[in-house]
Structure formats: structure tokens, C-alpha cells
Amino acid sequence: MKVFVSVDMEGVSGLTDPEEMRAGGRGYERGCELMTGDANAAVRAAFDAGADQVVVTDSHGRGKNLRADLIDERCTLIRGPHMAMRMGEGLDASFDVALYVGYHARAGAERGVLNHTWMGREIQDARLNGEVAGEIRLMAGYAGSLGVPVGLVAGDEAACAEARDVLGAVPTVAVKAGRDRYAAELIPPARAQEMIYETALRSLRAPSGWRPLRLPSPYTLSIDWNSTSIAQSCALIPGVTLTASRTTEFTSADYAEVVGLLGICATLAGDIACTGRHYG
């Protein structure tokens with residue numbers, strides 16, 4: 001069995017503060033340790049379930065958060081900035097299942113801890129084939145386009161609810177319950193990580209219940225940006241159209257192109273947002 005583990009940070013056990021998500025922020029280094037602990041819980045479950053190979057991708061920010069010196073030595077780790085497939089880097093059709101750890105709810109999700117879609121503030125909303133899409137739907141759709149099912153989603157309660165809405169009876173682990181965007185009732189990390197391990201182990205031992213998310217091709221990604229300048233700049237990319245003053249749309253029969261383009265647009269949007277940061 002070959003297992004892919006994508007690890008984000010906002011849904012990691014014990015974390016609630018944006019400072020803990022940013023290099024140099026108060027609590028960031030400890031946040032990286034907790035992120036690695038949650039990842040290791042899933043990796044340990046995979047090997048205990050009989051996995052031959054486990055690939056872990058650092059899916060947060062610039063991809064330099066998981067502690068390479070603390071990650072389970074049996075897996076391999078993909079890290080670093082500007083990965084073409086971002087949160088799905090390393091995933092291909094040879095994998096049997098994908099596990100999503102540390103994931104969060106989409107932008108605007110009620111009581112979603114650190115909720116956002118792909119970027120902290122630049123994306124107001126995203127829609128995939130007309131359905132509102134956060135990172136869970138976007139990445140499950142990418143896995144599904146390769147024929148790979150999702151066997152676990154771990155994060156806050158809102159993320160788990162979103163995962164079930166997208167994927168049906170997918171196993172989930174809620175490591176915290178949001179009180180607001182930046183506040184939550186936490187399960188202590190040691191117990192949360194044991195919950196991740198136990199749930200992942202049960203799921204990996206029952207592959208008959210796995211179902212990939214199959215979305216109809218072609219795939220259309222529509223994004224509502226928070227500024228006209230981002231939308232207009234992204235619309236200069238061949239194939240991207242401006243459908244409203246702050247909305248762009250892109251259609252492709254290749255889901256990898258959708259994911260890759262989203263990453264490019266996000267990089268562009270981040271630069272533009274920095275230029276106009278005093279205007280929100």
C-alpha cells in the first residue's frame with residue numbers, strides 16, 4: 001500500500017493564532033513541532049496498517065514548516081516553496097489513498113478556526129464546477145482526478161463537517177472546536193494525535209469504504225478576489241477570463257492545470273496585495 005499524507009497547519013492540534021502559522025511569529029517553532037506530531041500520527045498509522053511507502057507533503061505556506069529532524073524516519077518528506085501542485089505535490093495515480101492532516105474550513109465558514117481558502121485574505125470565495133470550494137474540495141478533487149480516494153481528514157470541527165459534506169462518510173478527526181476564527185476549544189495535542197492515529201489506522205484497514213471524489217470534466221474554477229487589481233492581473237494569463245470586476249474563471253480538462261494555475265494566481269495575488277496592503 002502506498003499512502004500520501006498532505007499536512008496543512010491551521011487545523012493542527014493546539015494551534016489557534018495566526019502568529020503560530022508564520023515564520024518568526026510567537027509560537028511558530030512550537031507550532032512546527034505540533035504539526036510534525038500530527039503528521040507522525042498519520043504516518044505511524046499508515047505503516048502499522050501495512051503501508052510499503054508513505055510520502056508526506058508540507059502543504060502550509062512556503063512548505064518549510066514540518067521538522068525534517070522530527071518526522072517519522074520511515075517516510076519521505078516533500079518540502080520547499082513554489083511546488084507546482086502545492087498541497088498535492090507528489091501525488092500521482094500510483095497511490096492507494098490520501099490522508100489530509102491539519103486541514104481547515106473554507107473562507108467564511110462559521111466558527112472555522114483560521115478559516116480561509118488558499119490565501120489568508122486575498123480570496124473571498126472559490127467555486128469548482130459551480131460548487132463553493134475550499135481546500136478540502138479542491139484537493140479531494142485533484143486526488144479524485146487521479147483515481148485516489150481520501151481516507152482521512154483531520155482538523156477543526158468546521159473542517160470535518162466540510163469534509164463530510166464534500167466526501168460523504170470519510171473518516172474525520174476534530175482536534176478542536178472553533179469559538180471564533182482565532183479561538184477554539186482544544187483537545188490536548190497528545191490525545192488529539194492518538195485520535196488521528198486510531199482513526200487513520202481503522203480507515204487504512206478498511207479500504208473497501210474508500211471512494212474517490214469524481215468531478216465531471218472539464219473543470220471550471222471561478223475565484224472572487226478581494227480586489228479588482230488582482231482579478232485584472234490574473235486575467236492577463238492565457239485562458240483566464242474576467243467575468244466580473246473582481247472575479248476570474250478558468251476551464252480545463254486537466255485538473256492538474258487547474259491546481260497549477262491556482263498556485264500561479266495566488267503568487268501573483270500575494271505580490272499585488274502587499275503593494276496595496278494599506279487599502280485592505
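The values are calculated or read from the model by the stated rules, or taken from the named source; none is laboratory data. Just so it is clear, the model here is predicted, and its values are computed rather than measured. Glycine also receives a Cβ, built like all others from the backbone with ideal geometry; neighbour counts cover every protein chain displayed. The area values use the complete protein model at the heavy-atom level, side chains included, leaving out ligands, DNA and RNA. Shrake-Rupley method; radii C 1.70, N 1.55, O 1.52, S 1.80 Å.
Values of log10 I(q)/I(0) for the chain across q = 0.14, 0.15, 0.16 Å⁻¹ run -0.95, -1.09, -1.25, by the Debye formula with one identical scatterer at each alpha carbon and no solvent.
Would region 1-105 count as rounded, prolate or oblate if I go by the C-alpha gyration tensor, calling it rounded below 1.5 in a/c and otherwise prolate when a/b exceeds b/c, oblate otherwise? Prolate is the answer for region 1-105, as a/c is 1.5 or above and a/b outweighs b/c.
Within the shell of other residues whose beta carbon sits under 13 angstrom from the beta carbon of Ala266, the net charge comes to 0, with Lys and Arg scored +1 and Asp and Glu -1. The shape of region 129-215 comes out oblate: with a ≥ b ≥ c from the C-alpha gyration tensor, a/c is at least 1.5 while a/b does not beat b/c. Here region 109-214 carries DSSP beta bridges of which approximately 65% are antiparallel, counting only pairs with both residues inside. What is the local net charge at Thr248, summed over the other residues whose Cβ is closer than 14 Å to its Cβ (Lys, Arg +1; Asp, Glu -1)? Charge balance in the 14 Å sphere: -2. Here is what passes the span test in the chain: the DSSP H helices with alpha carbon length of 24 Å or more along the helix axis and a Kyte-Doolittle mean of 1.0 or above are 255-275.
How big is the dipole moment of region 183-230 about its Cα centre under a simple scheme where the beta carbon of each Lys and Arg is +1, that of each Asp and Glu is -1, and everything else is neutral? Debye, nearest 20, please.
Numbers: 5 positive and 4 negative charges, 67 e Å.
The dipole of region 183-230 has a size of about 320 debye.
Could you tell me what % of all Cα pairs in region 144-280 have separations over 26 Å? Value for region 144-280 (Cα pairs over 26 Å): 47 percent.
Which of rounded, prolate or oblate describes region 180-252 when judged by the alpha-carbon gyration tensor and an a/c cut-off of 1.5? Please list the in-between numbers first.
Working: a/c = 4.80, a/b = 1.75, b/c = 2.74.
The shape class here is oblate.
Could you check what % of the DSSP bridge pairs in region 153-280 are antiparallel, to the nearest 5?
Numbers: 13 of 17 bridges.
If we restrict to bridges inside region 153-280, about 75 percent are antiparallel.
Could you check what % of the DSSP bridge pairs in the chain are antiparallel, to the nearest 5?
50
Rolling a 1.4 Å probe over the protein heavy atoms of the chain, with every protein chain left in place, gives an accessible area that is 48 percent carbon and sulfur. Ranking Ser94, Ser222 from most to least accessible surface, computed with a 1.4 Å probe over the protein chains only, gives Ser94, Ser222. The modelled label-to-label distance between Arg30 and Asp69, using points 7 Å beyond Cα along the C-beta direction, is 1.9 nm.
Using only helices, what value at 222 nm comes out for the chain when you add -39,500 (n - 2.57) per DSSP H run of length 4 or more and divide by the total residues, to the nearest 500 deg cm²/dmol? Display every interim value, and only then the final one.
Values: 6 runs with 87 residues, N = 280.
Only helices count here, giving -10000 deg cm²/dmol.
When the Cα convex hull of region 124-165 is projected onto planes of every orientation, the mean area is 3.3 nm².
A simple count of charges around Tyr197, restricted to other residues whose Cβ falls under 14 Å of its Cβ and scoring Lys, Arg +1 and Asp, Glu -1, yields -1.
Which of Ile123, Ala45, Ser59 sits closest to the plus end of the dipole of the chain, meaning its Cα is farthest towards the positive end, when Lys and Arg get +1 and Asp and Glu get -1 on the C-beta? Sorting the options by dipole projection puts first Ile123. The peptide list 230-237, 243-250, 258-265, 155-162, put in order of mean Cβ contacts within 10 Å with the highest first, becomes 155-162, 258-265, 230-237, 243-250.
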